[in-house]
Every structure is written in C-alpha cells, then in structure tokens.
Amino acid sequence: MEIKRVCIIGAGIMGSGIAQLVSTHGYAVNLVDLSDDILKNAKNSIEKNLERHYVARDKMTKDQAGLILNSIHTMIEIEEAIKDVDLIIEAVFEDMELKTNLMAKLDSLCEKNIILASNTSSLSISDMASQSKNQERIVGIHFFNPAPVMKLIELIKGKNTSDETLQIAKDFSKKLDKRVVIVKDSPGFVTSRLIYTMCNEAIKMKEEGLASTEDIDVACKMAFNFPMGPLELSDLVGLDVYQHIGEYLAMEFGKKYKPSPLIDKMVERNYLGRKTNKGFYEYN
C-alpha cells in the first residue's frame, strides 16, 4: 500500500509541524481542528517557519514554499477530511479518553484499508485501540518536536497491530527522511520514559534550590553535550504535557514517576512554557 494523502487531526504545535513535514515531502495533507481560527494560526505558523528556516536560508524558493503551503488543506469536519486519504495521524492533546474515543470514531468511519496512527508520546497504543473493532490497523507514529527538524520517529506496535500496518508506517516514516526505531507498547515507550525522568529530576532540583534554572541547563548541556537543557526542554514540550505523562507513568509504574510538585504549581498558574510565553524562562 502506498500512502498518497494524509489527514492530520489536531493543528497545535505538533500537528502543524507534522503537516509541514509531510507536505514538504510531497504528500497532500488535510489538517483538521475545531475552529477556523486555530487552523488559520496553524497555517500562519507553517508559513513563517518555511520563510524563516528555509526560504531565508536559500534551502527552498518562495514558489516551493508556496506549493508546500497550498498542499495543506484545512478543515473542521472530520467526515470530510478523511475522504480519499490513506493515513490518518491524530495529534490531539495527550489524554487517553480523548484519544481512545477519537480512534473508535475514526475506526467506525473509515474504510478498513486506511491506517490509523497516533502521535502519542507516552500512552499505550493497545489501550487506545481497545474500543475499536479493527485494531490491526492502529499504530503509534511518534514524531518529535519540532517535527520538520528532528530526525527520529518512534514506531509503536500495539498488541493487535498487524505486521503489514507496521511495515506501511515504517516505509512512510523513512520517506520523510527519518531514522526509525520500533518499540513494544509500554507506557512512555523508550524516549518519553527516559526524557521525562530526567526532566522531572531537574525540576525537583530547581524546586530544592540546588542550582539556578540557567545553571542546571548549562551543566547538562556542557557535561552531556545536550543541545538543550532539561528545563528548556520542559518549556518546549509543555509543563501540562509533562504533568499528564508523569501521572500516567506513576499510575503504571509507581510513585517514583510522580510529577514534581513544582510542575503542578506551574500548570495551575498557566506557566506551561513556550505555548504561554512563560515557564522556567520567559518568551516573547
């Protein structure tokens, strides 16, 4: 099966980034969200990213950027957006009930040959597919932020994901010029389980007053050759996302994964990181 047209549900940071990536590699994209305002903001963001990181650096022409942007079609109605597509990628908020219900809805609406993928960074694909009849066509395709730049895709095989579905997802991911790793279905998979643990520990250090925000980040960047410190990364991912990941991992693996109380305080104050212009750092 060859993927030609892709539907992406969720036009936030990850969804819009995936849309840009997929359209850049020649695929037609239907991008879906709840309102025209959200979709307009997403397309504006993609246009700015293409101009700033590609056109301005002579990596593509304005005409090429225009073709990429024009290949992304924004829609509100899911029923319309999933017509004639070969692959659907959900990139909605990291909430199991929300994603499970969405998968079940898509499974009931779509022809059986359409692949259903989740961009979840931590939630079980098997549990997410539990309310769907055709569980063999559900797979995890975990992109990393920013999706057009990061070179890794983590593929997750659920309990009932077929080998054929996994192979189609792998072939598609490689055509996006990504390095692909395949992992078994387990909360947090490989990457999120490790990076959340590190970032949560760094946040505990900040809470304890062990070092300043900047010094914690500088120490990790200089000692481990990280491009970004754990507190910077937490701001990029979003403190609300880490709160959900931590609560989920703690439920599955025990209280050692419980989010730092500082995460809860910051989420309560809406200090979520880059998305609200304030987290461990302030952003304009």
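The values are calculated or read from the model by the stated rules, or taken from the named source; none is laboratory data. Nothing here was measured: the structure is a model prediction, and the numbers come from that model. Reconstructed Cβ throughout: ideal geometry from the backbone, glycine too, with neighbour counts over all protein chains shown.
For the stretch 6-44, which residues satisfy the criterion of being among the polar types (S, T, N, Q) and part of a helix (DSSP H, G or I)?
The first filter runs over the stretch 6-44 and keeps only residues among the polar types (S, T, N, Q), leaving 16, 20, 23-24, 30, 35, 41, 44.
If the condition is that a residue be among the polar types (S, T, N, Q) and part of a helix (DSSP H, G or I), then Ser16, Gln20, Ser23, Thr24, Asn41, Asn44 are the ones that fit.
Output the residues belonging to the stretch 169-191 that are touching a strand residue (DSSP E or B) at 6+ places or on another chain (Cβ under 8 Å) and assigned to a helix (DSSP H, G or I). Give the steps one after another, and end with the answer.
Taking the stretch 169-191 first, the residues touching a strand residue (DSSP E or B) at 6+ places or on another chain (Cβ under 8 Å) are 169-170, 172-174, 176, 178-185, 189-191.
Hits for the stretch 169-191 are Ala169, Lys170, Phe172, Ser173, Lys174, Thr191.
Answer yes if at least one residue in the stretch 143-154 is of a type in the set (S, T, N, Q), farther than 24 Å from Glu2 by Cα and within 15 Å of the chain's Cα centre (by Cα), and no otherwise.
In the first step, residues of the stretch 143-154 are kept if they are of a type in the set (S, T, N, Q); the result is 145.
Checking which are farther than 24 Å from Glu2 by Cα leaves us with 145.
This time we only want the ones that are within 15 Å of the chain's Cα centre (by Cα), so: 145.
Looking through the stretch 143-154, at least one residue is of a type in the set (S, T, N, Q), farther than 24 Å from Glu2 by Cα and within 15 Å of the chain's Cα centre (by Cα).
Of all residues in the stretch 136-163, which are more than 29 Å from Pro227 (Cα to Cα) and either assigned to a helix (DSSP H, G or I) or touching a residue at least 40 places away in the same chain (Cβ under 8 Å) (or both)? Write out each step before concluding.
Residues of the stretch 136-163 that are more than 29 Å from Pro227 (Cα to Cα), as a first pass: 136-139, 157-163.
Scanning the stretch 136-163 gives Glu136, Arg137, Asp163.
Which numbered condition trips up Ile195, out of (1) exposed (fewer than 15 other Cβ atoms within 10 Å of the Cβ); (2) touching a Pro at 6+ places or on another chain (Cβ under 9 Å)?
All conditions are met except number (1).
Step by step: first the residues of the stretch 15-28, then only those that are out of contact with any Pro (no Cβ under 7 Å at 6 or more places or on another chain) and surrounded by 23 or more Cβ atoms within 10 Å (Cβ to Cβ), then the one that is nearest to Val149 (Cα to Cα). Which residue is that?
Pass one, the stretch 15-28, residues out of contact with any Pro (no Cβ under 7 Å at 6 or more places or on another chain): 15-16, 18-19, 22-23, 25-28.
In the following step, the residues that additionally are surrounded by 23 or more Cβ atoms within 10 Å (Cβ to Cβ) were identified as 15-16, 18-19, 22-23.
Values: Gly15: 14, Ser16: 13, Ile18: 10, Ala19: 13, Val22: 12, Ser23: 14 Å.
The extreme case among them is Ile18.
Return the residue satisfying two criteria in turn: it lies in the stretch 65-97 and is of a type in the set (A, V, I, L, M, F, W, C) and under 15 Å from Asp107 (Cα atoms), and of such residues it is surrounded by the fewest Cβ atoms within 10 Å (Cβ to Cβ). Explain how you work it out, then say what you get.
First, pick out the residues of the stretch 65-97 that are of a type in the set (A, V, I, L, M, F, W, C): 65, 67-69, 72, 75-76, 78, 81-82, 85, 87-89, 91-93, 96.
If we keep only those that are under 15 Å from Asp107 (Cα atoms) as well, we get 78, 81-82, 85, 87-89.
Numbers: Ile78: 16, Ala81: 21, Ile82: 21, Val85: 22, Leu87: 22, Ile88: 25, Ile89: 26.
Among those that are of a type in the set (A, V, I, L, M, F, W, C) and under 15 Å from Asp107 (Cα atoms), it is Ile78.
Taking the stated definitions as given, is Lys221 farther than 25 Å from Thr120 by Cα and either assigned to a loop (DSSP other than H, G, I, E, B) or touching a residue at least 60 places away in the same chain (Cβ under 8 Å) (or both)? Spell out how you get there, then give the answer.
Values: farther than 25 Å from Thr120 by Cα: yes; either assigned to a loop (DSSP other than H, G, I, E, B) or touching a residue at least 60 places away in the same chain (Cβ under 8 Å) (or both): no.
Here the answer is no, as Lys221 does not meet what is asked.
Residue-by-condition table, conditions (1) of a type outside the set (Ser, Thr, Tyr); (2) in the same structural domain as Asp235 (by TED's automatic domain parsing); (3) over 22 Å from Thr120 (Cβ atoms):
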residue: Ile9; (1), (2), (3): yes, no, no
residue: Ile18; (1), (2), (3): yes, no, no
residue: Leu21; (1), (2), (3): yes, no, no
residue: Gly26; (1), (2), (3): yes, no, yes
residue: Val32; (1), (2), (3): yes, no, no
residue: Asn41; (1), (2), (3): yes, no, yes
residue: Asn44; (1), (2), (3): yes, no, yes
residue: Tyr54; (1), (2), (3): no, no, yes
residue: Ile82; (1), (2), (3): yes, no, no
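A quick yes/no check of all residues on (1) hydroxyl-bearing (Ser, Thr, Tyr); (2) at negative phi; (3) touching a residue at least 40 places away in the same chain (Cβ under 8 Å):
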position: Arg52; (1), (2), (3): no, yes, no
position: Lys62; (1), (2), (3): no, yes, no
position: Ser71; (1), (2), (3): yes, yes, yes
position: Met103; (1), (2), (3): no, yes, no
position: Ile115; (1), (2), (3): no, yes, yes
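Condition test on Val85, is it in a loop (DSSP other than H, G, I, E, B) and under 17 Å from Phe143 (Cβ atoms)? Steps first, answer last, please.
Details: in a loop (DSSP other than H, G, I, E, B): yes; under 17 Å from Phe143 (Cβ atoms): no.
Here the answer is no, as Val85 does not meet what is asked.
From Leu231, Leu166, Leu262, grab the single residue that is in contact with a Phe, Trp or Tyr (Cβ under 6 Å, 6 or more places away or on another chain) and assigned to a helix (DSSP H, G or I).
Working: Leu166 fails: in contact with a Phe, Trp or Tyr (Cβ under 6 Å, 6 or more places away or on another chain); Leu262 fails: in contact with a Phe, Trp or Tyr (Cβ under 6 Å, 6 or more places away or on another chain).
So the residue among Leu231, Leu166, Leu262 that is in contact with a Phe, Trp or Tyr (Cβ under 6 Å, 6 or more places away or on another chain) and assigned to a helix (DSSP H, G or I) is Leu231.
Quick grid of which residues meet (1) in contact (Cβ under 8 Å) with a residue 60 or more places away in the chain; (2) over 24 Å from the mean Cα position of the chain (by Cα); (3) surrounded by 15 or more Cβ atoms within 10 Å (Cβ to Cβ); (4) assigned by TED's automatic domain parsing to the domain that holds Gly17:
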| position | (1), (2), (3), (4) |
| --- | --- |
| Ser212 | no, yes, no, no |
| Asp217 | no, no, yes, no |
| Pro227 | no, no, no, no |
| Leu231 | no, no, yes, no |
| Lys258 | no, no, yes, no |
| Leu262 | no, no, yes, no |
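Based on this model, can you work out whether Leu106 counts as in a helix (DSSP H, G or I), modelled with pLDDT of 95 or more and in contact with a Leu (Cβ under 7 Å, 6 or more places away or on another chain)? Break it down into steps so the answer makes sense when it comes.
Working: in a helix (DSSP H, G or I): yes; modelled with pLDDT of 95 or more: yes; in contact with a Leu (Cβ under 7 Å, 6 or more places away or on another chain): yes.
Here the answer is yes, as Leu106 does meet what is asked.
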